[in-house]
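None of the figures in this text is laboratory data; all of them are computed from the coordinates on show. Given the structure is predicted, the values throughout are model-derived calculations rather than measurements. In this analysis, Cβ positions are derived from the backbone assuming ideal geometry, glycine residues included, and neighbour counts consider all displayed protein chains.
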Amino acid sequence: MGAKNKVIAGDYQGKNVLHTLGIVSIATSLFKTLDLTKENVKEYELITEETRKSATSAVGRAFVGGVILGPVGWLAALSAKSKGTHTIAIEFNDGKKSLLEVDDKTYSSLMKKLF
C-alpha cells in the first residue's frame, strides 16, 4: 500500500491532498481547496528518520512532544513509512500547521512549487 495523500495530523487532519496538473492542494471542503504554494506556505520540512530523532529543525521542533499534533499525531509521524511515501510538516502563513503524507509524484510537484 502506498502513500495516502492525506493530511495525517494537525490542521485539516483527514482531508485529502490533491495533485492536479502539477498543483498540490488540500481539499478543505467540498468545493474549496488550499493550494500549497510559496504564497500560502510559511515553512515546510520533510520529516525523515533523522528529523524525527534530532528535532532540531524549526518546523520539526514545533511538532515534537505533541505541542501541535498531540501524542497520537506525533506517533503517526513516527510510524514506519513504506517506500515512496513522504511525510511533510507544513506551517501556513495563517499559523495553521499540517502533517502531510504524500506519494513520490505529489512530493516532487510540491517541492517544485515551494522551492
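For residue 15, the lysines whose Cα comes closer than 24 Å to its Cα, not counting residues fewer than 8 places off in the same chain, are 4, 6, 32, 38, 42, 81, 83, 96, 97, 105, 112, 113. Take the Cα of residue 108, step 7 Å toward its Cβ, do the same at residue 32, and the gap between the two points is 3.3 nm. For the pair residue 83 and residue 4, the difference between a 0.36 nm per residue extended length and the Cα-Cα distance amounts to 27.2 nm.
Annotation for segment 88-109 versus segment 10-39: alpha-carbon center distance of 9 Å.
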